[in-house]
Structures are given as structure tokens and as C-alpha cells.
Amino acid sequence: MLKSRIIPCLDVNHGRVVKGVKFQNLRDAGDPVELSYHYETQGADELVLLDVTATRQDRIAMLETVELVRRRLGIPLTVGGGISSMEDAGRLLNAGADKVSINSAAVRNPALIQAMSERFGSQCTVVAIDAKMTDGVFQVLTRSGTTAESLNAIQWSARAQALGAGEILLTSFDRDGTRSGYDLPMLDAVTSACSLPVIASGGADSVAHMVDAFEHGAHAVLAASIFHDGNMTVNEVKEELARSGIHVRI
Amino acid sequence: MIQIINTGVANLRSLQAAFDRLGCAWSLTEDANEIENASHVVLPGVGAFAAAAQSLDRLHLRRSITDRINRPGLPTLCICLGMQLLCESSDEADTARGLGILPHTIKRFSNDVKVPQLGWNEVRPMTAGPFETGEAYFANSFRLEDAPDGWGFAESEYGGVFISSVWRGRTLACQFHPELSGRWGQQVLTNWIEGTTC
């Protein structure tokens, strides 16, 4: 049977890994190539690299980072941040990404989802949704959480699926960096609205939080600080998940 | 030298990086003669069945690939969509024709499971073959349902059993991505290159 995936996330800024708390207060956490390889040997199932600044200059640095990471990495690599066109996506794939994650650009131009899935395949097209609870609805945020859209995350996930997305990367803005666990109501709502694999993101601080996410329909969990801080290795996390009855690759 | 068939629709960096890590020289080819006679050939595949089938037509590669695979002593590796292209046809594209080496039609996964299948799944060889039981990375919405006669095969489970790999002589076709399947996947590539049977 298919295993539940554990995905360390590296936030990358100017070629270095940084850690974001509510997408702010970045601090240096190391070299992306070393860290990626380190997580693969620890048993990571996949890696996500997010370009957190994504200025034009930074995007060139990111291509170089992706190339260097790819040389060492023998597991799937998703890259996101600042991708706004087919050309951007194509360049990242050529540099060695296996999947490309789009967020703000998909909201501005939903046809990009369709174009990417037709050209590169839906398995390569990840739609990242950042959302927070506002007046009783899960409101979609774009531009690293700075712009509130008049878009409901539940409807948006279903639309993304219809347009050809292959996976949803769902980040709770309310939970990101709080270490209070994944946003389970948001996960419930999105996993019932769309049948795509959903990666839960934002708020993980313990294996128990991950167990909760899997029990609420997550197909994979994304985590950063729990691994970057070195409190637990990926393997330790997976062994504990296995003891809790979650099927993981060990 | 490993010749990777450049159908123009696949993302090849991960595969190239995997061969680089093994210290194996590779190059891209669209040349029918080279494909028929090279020491090692890979038919990769990420993307859509119809687009890949069209590019085999455009490059006039159908006969050379088929002839090569019908000489089972030649090491040939077909990955993901590359494996599906060995079949007659696919539910993904009603009118597109595969190579027809396997007399099967590729079917979509059942509606009981999330599609695409994205992630790691167990691969169990049912006969002696080029790898041992292990966990491999999959990214596919369609799959081969039945093992072809005269081929060794491996099974996996996702909304029921499906055929995750087939092999005959030095031809190996994998629905999974050995190049993204960590150390186990690297061993699959090494065994294919060297002709090792487990």
C-alpha cells in the first residue's frame, strides 16, 4: 500500500536555508545541498524547496541551488516560490525539480494550472494554497500571506483539481510557526472537497501532530523546524509514526 | 554509454543525475540506428501518453525501439510512461497507439483511491528478476493490470493489485521511478546496467 510521506521543507533565501515564522523573522539554518542530502539519508520521502524572496535576482540563484541539490538528491524534489509562468516552471524542471508548486500565479491566472498539467503532467503540477480562517471561511492568501483574496480555500482546491493539479500543498497561515499542530478543520474541509493528495503544512511540532494530520486525510506532511532544530531525525519521527499505526517507509 | 531517448516531452534531469552518481556516461539520442544498437538504452517518460506516442512517430523511432526490445539480450530500460508505451493503447488517450510489444491496454486507477498515485509503494517481484522487494516512488494515474505472458513481473497494490514492473532478458520496464527511489532505486539501476539477477 501507498506510504504516508514525510517531507522536510527548506525555505531558501539567497542560496541559504532560512526558517520562517509566519513567513517572517528568518534565520539562517544552513546550506540547502548539505541539508537536502542529510534529510535523504535520514529517510525523508521527498523534499520541498521554497524560494521565500523570489526576486528576479534570487530566482537565478534558486536555479543554481536546484541544480546543486539535484546532483546529490535521489528522492523527489518539489520547488516553489515566485513561479509565474510556463517558462519559470520549465526552467526549474530543467534544473532538476520533479514537481513545481505554484501559488499566487495560480490565483491570478488559473489557466496556468491547466497549461502546466497538459505540458508537464499533473503529477508535476502542485498547487500551493495558503489560507486562514476569516469570518468563518478559509480565506486564500497570496504573495507570502500579505494579500487576502476573495477566494475560499475549499472551492479553490476543487477548482485546482478540475484544472489539472496533481497535488495540493495546504498551508495554514494561522498555524504556521506556532508549533500548535496542523489546522485539522482546514484539512478536513479541503480533503473532502477535492480527491487529490493533500500535503499538510504549518504548525507541526511533534509526531502526535503528524498522526492527527494523517488521521484527518493528509497524504503527506510538511515540516521544517521540527527537523531543522535537530530535536528529532526524520527516521525517529517515522519510527514513532509507525508505532502509532501510520504506514511509513522505514 | 547509456543512450537516453529524447522524446522531448520528459523531464530528464533526475535520471541524468542518477546515472552521474553511478559514474555512468549518458547521452541523449533521437537517432534510430543508435537506439537499435547502443549498449544501453533508456525510454524515459513523464508526461502524457498521446504526446509521447506522437513524438515516437515524429522521430520515426517505433521500429528501432521495437526491434531492440525484441532482441532481449540488449539492455533496455523503460520508465513510467516508457513502460506504458510498450502496450497497445491507454485509456488516457483513446486514439493514440503504443508500441504494441505488450498486448495490453493501460487502465486508469480505480476511483476508490486518490489519483495520481503519488508517493512510495512496495514493489514485490513475483519471479526472479533485476531487484529484490523494496519501496519505490510512483507518480502515475494509469497502470498495467495484468502481467504479460513470457515476462517476469512485480506487483504493487493501490486500489487493488497492479503490475509495477515487467522484465524479459535485459529489458526492464518499471512503472515507478528508480531514479527517485533512493538507495533501493539506485540498486535497481545498477542491476539493470550490470545485468544482475536477484
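For the reader, a short list of remarks on this structure follows.
- Which listed residue, of A:Arg91, A:Arg72, is in contact with a Phe, Trp or Tyr (Cβ under 6 Å, 6 or more places away or on another chain), over 19 Å from A:Asp176 (Cβ atoms) and either surrounded by fewer than 24 Cβ atoms within 10 Å (Cβ to Cβ) or aliphatic (A, V, I, L, M) (or both): A:Arg72
- Number of positions in the range B:140-179 that are touching a helix residue (DSSP H, G or I) at 6+ places or on another chain (Cβ under 6 Å) and open to solvent by 10 Å² or more (accessible area, probe 1.4 Å): 1
- Restricting the range A:188-239 to residues that are polar (S, T, N, Q) and within 14 Å of chain B (Cβ to nearest Cβ), the residue that is most open to solvent (accessible area, probe 1.4 Å) is A:Ser192.
- In the set (1) within 15 Å of the chain's Cα centre (by Cα); (2) surrounded by fewer than 17 Cβ atoms within 10 Å (Cβ to Cβ), the condition left unmet by A:Gly82 is number (2).
- Residue check, B:Tyr137 within 29 Å of B:Trp26 (Cα to Cα), of a type outside the set (A, V, I, L, M, F, W, C) and free of Cβ contacts under 8 Å to residues at least 60 places away in the same chain: yes
- Enumeration of residues in the range B:120-140 that are part of a strand (DSSP E or B) and more than 10 Å from chain A (Cβ to nearest Cβ): B:Val123, B:Arg124, B:Pro125
- Checking each residue in the range A:66-86 for being polar (S, T, N, Q) and in contact with a helix residue (DSSP H, G or I) (Cβ under 7 Å, 6 or more places away or on another chain) picks out only A:Ser84.
- Members of the range A:194-250 that are farther than 20 Å from B:Asn121 by Cβ, assigned to a loop (DSSP other than H, G, I, E, B) and of a type in the set (Val, Ile, Thr): A:Thr233
- The range A:112-150, residues that are open to solvent by 40 Å² or more (accessible area, probe 1.4 Å), in contact (Cβ under 8 Å) with a residue 24 or more places away in the chain and not in a loop (DSSP other than H, G, I, E, B): A:Gln114, A:Glu118, A:Arg119, A:Lys132, A:Met133, A:Thr147, A:Glu149
- So B:Ile79, is it farther than 17 Å from B:Glu34 by Cα and under 13 Å from the mean Cα position of the chain (by Cα): yes
- Evaluation of B:Thr197 against (1) away from every other protein chain (no Cβ under 14 Å); (2) within 30 Å of B:Asp94 (Cβ to Cβ); (3) open to solvent by 50 Å² or more (accessible area, probe 1.4 Å) (one fails), failing number: (2)
- Filter result (within 11 Å of chain B (Cβ to nearest Cβ) and open to solvent by less than 50 Å² (accessible area, probe 1.4 Å)) within the range A:48-69: A:Val66, A:Val69
- Selected residue [within 14 Å of chain A (Cβ to nearest Cβ), part of a loop (DSSP other than H, G, I, E, B), under 15 Å from the mean Cα position of the chain (by Cα) and at negative phi] from B:Phe176, B:Phe162: B:Phe176
- For the range B:1-115, the strands (runs of 3 or more DSSP E) that sit wholly inside it and include 3 or more residues that are surrounded by fewer than 21 Cβ atoms within 10 Å (Cβ to Cβ) are B:26-29, B:102-108.
- Taking the range A:37-66 as the range and being within 30 Å of A:Asn109 (Cβ to Cβ), part of a helix (DSSP H, G or I) and touching a Lys or Arg at 6+ places or on another chain (Cβ under 8 Å) as the test, only A:Leu63 passes.
- Residues in the range B:17-70 that are in contact (Cβ under 8 Å) with a residue 60 or more places away in the chain and within 18 Å of B:Leu99 (Cα to Cα): B:Val46, B:Phe49, B:Ile65, B:Ile69.
- Residue within the range B:102-109 that is under 14 Å from the mean Cα position of the chain (by Cα) and modelled with pLDDT of 95 or more present: yes
- Remark: A:Ala165 falls outside the filter, which requires a residue to be open to solvent by less than 10 Å² (accessible area, probe 1.4 Å), under 23 Å from A:Leu77 (Cα atoms) and in a helix (DSSP H, G or I).
- The condition (being out of contact with any His (no Cβ under 9 Å at 6 or more places or on another chain), within 14 Å of chain A (Cβ to nearest Cβ) and among the acidic types (Asp, Glu)) is satisfied by just one residue among B:Glu34, B:Glu92: B:Glu92.
- Verdict on A:Ala97 being part of a loop (DSSP other than H, G, I, E, B), within 14 Å of chain B (Cβ to nearest Cβ), of a type in the set (Gly, Ala, Ser) and under 18 Å from A:Gly166 (Cα atoms): yes
The values are calculated or read from the model by the stated rules, or taken from the named source; none is laboratory data. Since the structure is predicted, the reported quantities are computational estimates derived from the model, not experimental observations. Note that each Cβ is placed from the backbone with ideal geometry, even for glycine, and that neighbours are counted across all protein chains shown. Keep in mind that these areas ignore ligands, DNA and RNA; they rest on the heavy atoms of the full protein, side chains included. Shrake-Rupley method; radii C 1.70, N 1.55, O 1.52, S 1.80 Å.
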